[in-house]
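The values are calculated or read from the model by the stated rules, or taken from the named source; none is laboratory data. Given the structure is predicted, the values throughout are model-derived calculations rather than measurements. Positions of Cβ are backbone-derived with ideal geometry, glycine not excepted, and every protein chain shown enters the neighbour counts. Side chains included, ligands, DNA and RNA excluded: accessible areas come from the protein's heavy atoms. Shrake-Rupley method; radii C 1.70, N 1.55, O 1.52, S 1.80 Å.
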Amino acid sequence: MTIRAAVMGVGHYLPARVVPNAEFADKIDTSDEWIKSRSGIERRHFAAPGEKTSDLATHAAQAALADAGLTAADVDAIIVATSTPDLTFPSVATMVQARLGMTRGFAFDVQAVCAGFVFALANADGLIRAGQAHCVLVIGAETFSRLMDWEDRTTSVLFGDGAGAVVLTALPGQGDASDRGILATDLNSDGRFQDLLYVDGGTSTGTTGHLRMQGKEVFRHAIEKLAETAHRSLGKAGVTAQDVDWIVPHQANLRIIAGTAQKMGLPMERVVVTVQDHGNTSAASIPLALSVGRARGQIKTGDLIVTEAIGGGLAWGSVVLRW
Ligand code: UT7
């Protein structure tokens, strides 16, 4: 018998304030037309003053638990993927643990920027398969609006805030691709490329800093590396791209999403796209897309899904799972 980490519930939370592209055009030298045509983004949500990453994460966690029909007492571990923690430490995950009223188990953050949710899923899969946890809450939560340099039109128009969560529990399987749950993972990083996307603050500066990105270079790496990692994890799962019901990609840029689908030989009808409504929410983008895709009626029980993401590090990877 094979133990699989299967999704039992999904949920998300978006801050109330919606910011359309037009709001940027009023303040900096940009236009709705440029933002839409270069990135696919039409609007994004920004957290209210005082609204923290841990608040977004807690709301998403509660929604996912309710969807699973479980409570915090059922959870053994919480993993939060974030690069925008409320504080340098403790982890956002321990803050969520306290807010959920969970007094046992363990909680920690994973920091792999936009690939964070994929890395967190792979960690949860390992914990469940090793028998260290039966039920793991995996959350992606970000407030990237707090890292923006509002004078920089090349980055400030691209990012948004939000959170998504899944509840994974151990499920017995046959050990083949018909099983529900995570079937394969593929993780990568290459620190030689850290200058392409980073935040220029931290303990070395004593400031939070601002996000800096060489967008064109990141774009080039994304197009090449995302299809590659997806191909590798599909191979490990013993399936082909043609078996995939849904690509649920990191939502950074519609042109990257479309380019990756094309490289995989799949039509856009089989891709969950939310970038127009959320912008790039870093580690939150995939669980947000999973939750919205399920709510739209796109993702159904038994569907074969591949998720893929790349971000600062560079760090990138993919997960193949059956919903
Ligand atoms: O989630 C982490 C991973 N991150 C990503 O995946 C982001 C990857 N990169 C991208 O999505 C794209 O590279 C961007 C959307 C960031 C930029 O698109 P692009 O087609 O690569 O544009 P570009 O950087 O080559 O800029 C084209 C022009 C430049 O003007 P010149 O030099 O041609 O005169 C920019 O200065 O567009 C200008 N530009 C803008 N114009 C209006 C840059 N930002 C803006 C803007 N509004 N906001």
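Each residue of the chain gets 121 Å³ once the volume of the Cα convex hull is shared out per residue.
So what is the relative contact order for segment 1-137, in percent, with contacts set as C-alpha pairs under 8 Å and at least six apart?
Numbers: 193 pairs, mean separation 36.4, N = 137.
Computed over segment 1-137, the figure is 27 percent.
Taking a ≥ b ≥ c as the square roots of the eigenvalues of the Cα gyration tensor of segment 1-98, is the shape rounded (a/c under 1.5), prolate (a/b larger than b/c) or oblate? Because a/c hits 1.5 or more and a/b exceeds b/c, segment 1-98 counts as prolate. Comparing mean-square fluctuations of GLY293, GLY312, GLY162 from a GNM of the chain with C-alpha springs under 10 Å, the top value falls on GLY293. Comparing THR154, ALA72, ASN21 along the charge dipole axis of the chain, the residue lying farthest to the positive side is ALA72, per the Cβ-charge model. Among 73-84, 18-29, the peptide with the highest mean count of other Cβ atoms within 10 Å heads the list, and the full ranking is 73-84, 18-29.
Within segment 228-248, whose backbone N sits under 11 Å from a point 7 Å along Cα→Cβ of THR2? Output list for this probe position: 236-239.
Take the Cα of ASP303, step 7 Å toward its Cβ, do the same at ALA258, and the gap between the two points is 2.1 nm.
Considering only protein heavy atoms and a 1.4 Å probe, what is the carbon-and-sulfur percentage of the accessible area of segment 207-279?
Numbers: 1750 of 3210 Å².
Result for segment 207-279: 55 percent of the exposed heavy-atom area is carbon or sulfur.
Taking 0.36 nm per residue of separation and subtracting the Cα-Cα distance, what length does fully extending GLU228 through THR240 add? List each step's numbers first, then the result.
Values: separation 12, 0.36 × 12 = 4.32 nm, distance 1.28 nm.
Result: 3.0 nm gained on full extension.
Structural size metrics of segment 181-322, computed from C-alpha coordinates, are Rg and Dmax of 15.5, 49 Å.
Could you grab the relative contact order for the chain? Cα pairs under 8 Å, six or more apart, rounded to a whole percent. Show your work: numbers first, answer last.
Working: 830 pairs, mean separation 83.3, N = 323.
About 26 percent, as a whole number.
Across segment 2-173, how large is the tail of the calculated P(r) beyond 26 Å, expressed as a percent of all Cα pairs? Before the final figure, lay out each step's value.
On the way: 4865 of 14706 pairs.
Roughly 33 percent, once rounded to a whole number.
Distance between the C-alpha centres of segment 291-313 and segment 216-254: 12 Å, rounded to the whole angstrom. Residue separation of GLU51 and MET268 scaled by 0.36 nm, minus their Cα-Cα distance, works out to 74.6 nm of gained length. With bins 5 Å wide beginning at 0, the percent of Cα pairs of segment 86-215 falling in each bin runs 2, 8, 15, 18, 18, 14, 11, 8, 4, 2, 0. For segment 181-322, averaging the sequence separation of C-alpha pairs within contact (under 8 Å, six or more residues apart) and dividing by the residue count gives a relative contact order of 38 percent. The calculated 222 nm mean residue ellipticity attributable to helices in the chain amounts to -9500 deg cm²/dmol, summing -39500 (n - 2.57) over DSSP H runs of n ≥ 4 and dividing by all residues.
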